[in-house]
Amino acid sequence: MVSETMYCVKCRKKVKSEVKPVTMKNKRKAVTGKCPSCGTKVFKMVGGGGAKKKVKKKVVRKKAKKKKKR
Ligand SMILES: [Zn+2]
């Protein structure tokens, strides 16, 4: 378990929480835990600043599946 500063929507403040890392379906990494004061689930994306709207188009085609795109 790792401690992270999370934002609790219920307390409306940042809380320190024990979190565990999870990987979402889109392979983004996130951490999830519980607010220590109210027990609400807290969730945060981590790593690479992947939550930004503008995604740099980084085309990785080397190991792409058979996808003919012309
Ligand atoms: Zn809370």
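Residues being modelled with pLDDT of 95 or more and outside any strand (DSSP E or B): count how many of those fall in segment 10-35.
4
I want to confirm something. Restricting to segment 1-16 and keeping residues that are within 9 Å of K44 (Cβ to Cβ) and surrounded by 12 or more Cβ atoms within 10 Å (Cβ to Cβ), which single residue is farthest from the ligand (Cβ to nearest atom)?
My answer is E4.
The values are calculated or read from the model by the stated rules, or taken from the named source; none is laboratory data. Predicted, not measured: the structure shown is a model, and the values here were computed from it. Glycine gets a Cβ as well: all are built from the backbone with ideal geometry, and neighbour counts include every protein chain shown.
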